[in-house]
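Down below is the structure, laid out as C-alpha cells.
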Amino acid sequence: MKTLSTGEIAKLCDVNLRTVIRWIERGALKGFKLPGRGNNRVRLEDFLAFLVEHDIPIPPELQEENRKVLVVDDEPAIARAIQRVLRTHGLVAEVAADGFQAGTKLMKERPLLMTLDLSMPGLSGYDVLSFVRETPEIQGTKILVISALGSEALQKAIDLGADAVLNKPFENQELVDVIGKLLGAEVRD
C-alpha cells in the first residue's frame, strides 16, 4: 500500500502544508495518523480519488499509463477472442455486450481505443460512434470498427468518425497491426 505524506501532497498540489492538513481534518481527504508521532499519511488511492472528486488534475508522475481497450461486440465468442489477442499484447481489454454498456464503460474507464461492432441490438455501432464523437470527454478515443457488413457500411463508419475498419472474419495479426498503427508504439509484441 503506497502512502503519501502531507508534505508530498502539498508539493504535488502546489499548496501549503497546512491546507493539506485542513483537508484531512475536514474529512475531504481521507487520511490516517501514524502511531507514536502522529504524522498524517494518505493512501495513494484515496489521494487520487480526492483529486478526481475535486476536479484537480492528476500530477503526471502519478498517472498510470493508459493501456485500456474497450471491446464492444454482442457476440461473446468474438468479444472474448478480441480480448484475448489484446491481452497477449499488453493491453487491458474490457468487454461491453451492447451500446448502452459501451457508453457507460467509455465514460467510466476512458479507454485509449474501442473496437466496435456495427450490428448490435438496441444502440447500433453507428449510434455509439456518433455518441463518442459528440461527447467532449471521450471524443479522442480511437475507434476501430470490426464488422461483417459490406464496404458501404464500413465507409459510413469512417464518415461518422471511425479511425479504422476491419472486416470480419480477420486474422489476429491483422487486428494487432491495425491497433499498432492506431496506438503507435503502445502495442507490445
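Which members of region 4-37 meet the condition of being under 28 Å from the mean Cα position of the chain (by Cα) and part of a helix (DSSP H, G or I)?
E8, I9, A10, K11, L12, C13
Considering region 132-183 alone, what residues qualify as being assigned to a loop (DSSP other than H, G, I, E, B), acidic (D, E) and closer than 21 Å to K108 by Cα?
Passing the criteria: only E137.
Kindly list, by first and then second residue, each pair from a residue in region 50-61 that is assigned by TED's automatic domain parsing to the domain that holds C13 to a residue that is of a type in the set (D, E, K, R) and assigned to a loop (DSSP other than H, G, I, E, B), limited to pairs with Cβ atoms under 9 Å and residues at least 6 apart or on different chains.
F50/K30
Yes/no per residue for (1) modelled with pLDDT of 90 or more; (2) surrounded by 12 or more Cβ atoms within 10 Å (Cβ to Cβ); (3) over 30 Å from L149 (Cβ atoms):
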residue	(1), (2), (3)
I21	yes, yes, yes
A49	no, yes, yes
P57	no, no, yes
E61	no, no, yes
I82	yes, yes, no
V85	yes, yes, no
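The values are calculated or read from the model by the stated rules, or taken from the named source; none is laboratory data. The structure presented is a predicted model; accordingly, all values stated were derived computationally and were not measured. No Cβ is skipped: glycine too gets one built from the backbone with ideal geometry, and neighbour counts run over all protein chains shown.
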